[in-house]
Amino acid sequence: MAILEYASPQSTPPRWRVALYHVRLVLLALYLLLVAGVVGYCLANGAEPITFAIALFVMFAIQALFLIGMPQLRWPRPTRRKPMWLSLAAGALVAAVLTFGLVATALNAFDVWDRVTESIGGHLFWIILVSWILWLTLFAFLWAGQRWLGGFTSLYKTLVAGTWLEILITLPVDVQVRKKTNCWCGEGTFFALVAGVTVAIWTFGPGLAFLFLTRRLQREGYFSLCRKCGHDLANATTPRCPHCNARIPKYLRQPA
């Protein structure tokens, strides 16, 4: 009998999710190639290596903070409130960056980007701070009291949907902007696309996608199933599977 076909007291995860877990190292390698390609392209087009290195460090640091809210894989919920707040704060920062991109796109769409930037200059980036406070308040109201998996799932889906919404809104405006200027790199849509692409890479990073996948499979009981026959070993006390006699790893055995 194939794995996951054996009837167990709990529902088994979808096969596509299990398949993704088993090829996670291949997906990780593809992700690293993608990041390396983006880095190489930017450096080849004149990006400052030090500035780009700092940007990458910040991106992965925020990703790490976002994951601190993840409890140990064998715990059903965070053991303290502080880690979950760090995840909410990191997620709110990502949402604030996307908000800045949408505002910059809107300014370009109404042909007021140059006028606004000339009048307030770099103060325009205070939008990120204000948006971060607003998003953090909203996320805390919606998900701070939920179980980790439910809250993290909702937050993660919101960030992914917001990323693609920002990119889809920006692209048609960016096409029109490029027709009007010879120096596109200082336009609002340029900052919007940089923000959207960066967050897209961030949301599909291995730390988020694969650790979340591992957690989801653990909650669905996949790691307590016998790898040979699929029998549920959640309450096993013997060193062998009672159904197929396969060896049970020590971490799955319950004290007799």
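Scanning segment 1-40 for residues that are part of a loop (DSSP other than H, G, I, E, B) and either within 19 Å of the chain's Cα centre (by Cα) or modelled with pLDDT of 75 or more (or both) yields a total of 1.
Can you find a residue in segment 174-195 that is assigned to a loop (DSSP other than H, G, I, E, B), under 30 Å from Trp135 (Cα atoms) and modelled with pLDDT of 65 or more? The answer is yes, given that some residue of segment 174-195 is assigned to a loop (DSSP other than H, G, I, E, B), under 30 Å from Trp135 (Cα atoms) and modelled with pLDDT of 65 or more. Out of Val94, Val130, one residue alone is assigned to a helix (DSSP H, G or I), among the β-branched types (Val, Ile, Thr), buried (at least 16 other Cβ atoms within 10 Å of the Cβ) and at pLDDT 85 or above. It is Val94.
The values are calculated or read from the model by the stated rules, or taken from the named source; none is laboratory data. Quick caveat, the model's predicted, so the values are computed rather than measured. Because the Cβ atoms are built from the backbone with ideal geometry, glycine has one as well, and the counts that use them run over all protein chains shown.
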